[in-house]
């Protein structure tokens with residue numbers, strides 16, 4: 001979400017930072033990565049993002 005922190009993303013979406021953290025954890029597991037940059041790169045490699 002445009003380089004925002006978990007708090008910034010939470011504020012934008014109207015959810016808690018803990019909820020953002022939980023969703024990121026789930027995403028990282030599915031993409032088999034350990035961080036945001038790796039997640040974006042993996043999603044691009046798998047053509048989930050353009």
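The values are calculated or read from the model by the stated rules, or taken from the named source; none is laboratory data. What you are looking at is a predicted structure, and each value in this text was computed from that prediction instead of being measured. We place every Cβ from the backbone using ideal geometry, glycine too, and count neighbours over all the protein chains shown.
Restricting 16, 50 to residues that are at pLDDT below 95 and on the phi < 0 side of the Ramachandran plot narrows the list to 50.
Within segment 24-35, take every residue that is surrounded by 14 or more Cβ atoms within 10 Å (Cβ to Cβ) and in a helix (DSSP H, G or I) and give me the one that is farthest from the chain's Cα centre (by Cα). Of everything passing the filter in segment 24-35, 31 is farthest from the chain's Cα centre (by Cα). Listed by first and then second residue, the pairs linking a residue in segment 29-42 that is at positive phi and without any contact (Cβ under 8 Å) to a residue 12 or more places away in the chain to a residue that is surrounded by 11 or more Cβ atoms within 10 Å (Cβ to Cβ) and part of a helix (DSSP H, G or I), with Cβ atoms under 8 Å apart and 6 or more places separating them unless they lie on different chains, are 32/42.
Number of residues in segment 36-50 that are exposed (fewer than 13 other Cβ atoms within 10 Å of the Cβ), in contact with a helix residue (DSSP H, G or I) (Cβ under 9 Å, 6 or more places away or on another chain) and in a helix (DSSP H, G or I) equals 0.
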